[in-house]
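Nothing in this text is a laboratory measurement; each read-out follows from the coordinates by a stated rule. On a predicted model such as this, the values are computed, not experimentally measured, just so you know. Every residue, glycine as well, gets a Cβ built from its backbone with ideal geometry; the counts of neighbours run over all protein chains shown.
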Amino acid sequence: MNEREFDAFYSGSVGRLTGQLYAMTGDLAESQDVVQEAFARAWERRTELDAGGAPEAWVRTVAWRLAVSRWRRVRAALTLVRRQGPPADVPPPDPTHVLLVEALRAIPEAQRRAIVLHHLCDLPVHEVAAETGRPVGTVKVHLRRGRAALARLLSDSELDSRSGELSEVKRG
């Protein structure tokens, strides 16, 4: 089957095959996905498909097998989830962690990125410069300004050690 014949085959049968797979699966989106995937595979084999044979049956069979394969993967995943049981309770984030994240969000992106790469990822300044595409001097300025901004932001808030609650301290 040449490209023009395949295009005609696709145009003439895609709607019908999607409808058939929809009737088989009960899921329109899934039927559209598997029919498109089956046509993509048919395109790769278009020279082997015989227009006088049953290319529509071939596409329908491939689409059905794809749908069944997807169902099996979903069923296996659900079985795994059931075996593992409900997820364990996750403790709330530490208030100091929340405070740090909020402070990082409040500083400019370039400073935040330099701070994270240098202090959290442990990259030396020259590697931060290479990753960000900035000169080493610019990275040093971002680090200095970012640390100063974080110090100001974090000094405006403190953790109440008795209650574990975060309290705002305003300096005038």
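Odds and ends about this structure:
- Trypsin sites (Lys or Arg not before Pro) within segment 28-128, DSSP loop, no more than 16 other Cβ atoms inside 10 Å: Arg45
- Between Arg45 and Arg73, the contour length at 0.36 nm per residue exceeds the alpha carbon distance by 7.5 nm.
- Peptide packing for 90-100, 143-153 was compared via the average number of neighbouring C-beta atoms within 10 Å per residue; ordered from the highest value, the list is 143-153, 90-100.
- For the chain, the share of alpha carbon pairs falling in successive 10 Å distance bins from zero is 9, 20, 13, 10, 15, 20, 10, 3, 0 percent.
- Estimated FRET transfer efficiency (Arg82, Glu37; beta-carbon r; R0 22 Å; 0.05): 0.20
- Loop-located GluC sites (Glu not before Pro) in segment 78-128 (DSSP state not H, G, I, E or B) with no more than 10 neighbouring Cβ atoms inside 10 Å do not occur.
- DSSP-loop GluC sites (Glu not before Pro) across segment 1-74, with at most 11 other Cβ within 10 angstrom: Glu48
- Modelled label positions at Glu109 and Ala8, each set 7 Å beyond Cα in the direction of Cβ, lie 5.3 nm from each other.
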